[in-house]
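Notes follow the structure.
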Amino acid sequence: MRNPTACTQPLVTLAMVICACVMGASVVDACDCGQAATCGTLWNADLVFVGTLEQGHRSIDTPASMSASAAGNWPVVTLAVEKWLRGEPVGKNVVLNSRAMGLCAYQFVPQTRYVVFANRAPDGLWAVSLCGGTVALDSQQGHETLREIRSMLTSRAPGRVAGRISFESEPVIGADVRLWSEKATMATRTDHQGMFRFPRVPPGRYLLSATAPPNAAEVSPIPMLIGAKACLAANIDPPRRP
């Protein structure tokens with residue numbers, strides 16, 4: 001579970017946006033999300049659906065430091081599913097654990113329809129991040145997001161994967177990077193900024209591997225689901241070898 005007052009740097013980040021925690025920040029200012037691109041959030045999420053938060057489907061277990069107005073939409077909520085878009089259907093309702101994302105949790109409003117991008121939380125419930133792409137459906141952004149999702153799910157266009165390999169804040173130059181599946185294998189090397197790119201990747205499930213400096217810990221292969229028109233990032237920053 002994420003600590004609301006501290007951030008830890010993951011060894012591997014698979015995302016299009018970074019949710020940044022700020023010590024002492026308000027709920028509104030706690031996360032700096034940037035622009036969440038649907039071509040990334042769709043394939044990063046485990047579950048994507050259209051759903052509504054019904055009145056009364058929320059708990060009252062909220063952080064003591066939060067105001068009453070903010071606390072009302074904070075904790076565990078239940079959304080009634082209207083339509084499954086991606087991922088294995090889990091029932092007519094989905095229980096979302098907002099606490100799993102700390103101050104970066106998405107705040108739902110009752111009687112509102114949403115396009116929801118969820119990932120499995122450590123407690124077995126589903127977590128929704130403020131930076132994960134979830135959006136109110138009855139808005140211009142919501143309609144555009146749903147249109148993009150439908151376009152991608154019916155397309156066979158290639159996706160793309162890009163990222164950066166660094167070690168102790170310095171770029172790793174010339175690292176071998178490989179993306180492979182049962183049907184295809186692609187290889188490249190990082191440039192002078194530690195960046196790598198796979199611009200045309202057929203949809204499918206892949207493993208991403210990269211070499212690390214001799215004094216860095218080994219990087220385990222990273223599973224990646226690459227769908228049509230995907231734009232995924234994989235940023236790797238291994239710790240020092242013990």
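Could you list all residues from segment 156-173 that are surrounded by fewer than 13 Cβ atoms within 10 Å (Cβ to Cβ) and either at positive phi or in a loop (DSSP other than H, G, I, E, B) (or both)? Steps first, please.
Within segment 156-173, the first condition is being surrounded by fewer than 13 Cβ atoms within 10 Å (Cβ to Cβ), and the residues that meet it are 156, 168-170.
Of everything in segment 156-173, those that are surrounded by fewer than 13 Cβ atoms within 10 Å (Cβ to Cβ) and either at positive phi or in a loop (DSSP other than H, G, I, E, B) (or both) turn out to be 156, 168, 169.
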Seminar exercise, completed: Selection from segment 174-185 of residues exposed (fewer than 14 other Cβ atoms within 10 Å of the Cβ) and outside any strand (DSSP E or B) yields 174, 182, 183, 184
Exercise. Counting only residues that are within 23 Å of residue 171 (Cβ to Cβ) and not in a strand (DSSP E or B), how many does segment 200-224 have?
Worked result: 10
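Any idea which residue in segment 121-144 is nearest to residue 38 (Cα to Cα), counting only those that are outside any loop (DSSP other than H, G, I, E, B) and in contact with a Leu (Cβ under 8 Å, 6 or more places away or on another chain)? If you could, list the steps in order and put the result at the bottom.
Pass one, segment 121-144, residues outside any loop (DSSP other than H, G, I, E, B): 126-127, 129, 135-136, 140-144.
In the following step, the residues that additionally are in contact with a Leu (Cβ under 8 Å, 6 or more places away or on another chain) were identified as 126-127, 143.
On the way: 126: 19, 127: 18, 143: 12 Å.
Checked segment 121-144; the qualifying residue nearest to residue 38 (Cα to Cα) is 143.
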Problem set entry | Residue that is closer than 30 Å to residue 155 by Cβ, modelled with pLDDT of 65 or more and in contact with a His (Cβ under 9 Å, 6 or more places away or on another chain), where the choices are 118, 80 | 80
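Report whether or not residue 145 is at pLDDT 90 or above, among the polar types (S, T, N, Q), crowded, with 16+ Cβ neighbours inside 10 Å and touching a Ser or Thr at 6+ places or on another chain (Cβ under 6 Å). Before the answer, list the steps.
Numbers: at pLDDT 90 or above: yes; among the polar types (S, T, N, Q): yes; crowded, with 16+ Cβ neighbours inside 10 Å: yes; touching a Ser or Thr at 6+ places or on another chain (Cβ under 6 Å): yes.
Yes; evaluated as a whole, the condition is true for this residue.
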Seminar exercise, completed: Result of the Cβ filter at 8 Å on segment 111-133, keeping first residues that are in the same structural domain as residue 97 (by TED's automatic domain parsing) and partners that are among the acidic types (Asp, Glu) and assigned to a strand (DSSP E or B), at least 6 apart or interchain, is 111/54; 113/82
Exercise. Which residue, of 136, 157, is aliphatic (A, V, I, L, M) and either closer than 30 Å to residue 111 by Cβ or modelled with pLDDT under 95 (or both)?
Worked result: 136
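The values are calculated or read from the model by the stated rules, or taken from the named source; none is laboratory data. Since this is a predicted model, take the numbers as computed values, not measurements. Every residue, glycine among them, receives a Cβ derived from its backbone with ideal geometry; neighbour counts consider all protein chains shown.
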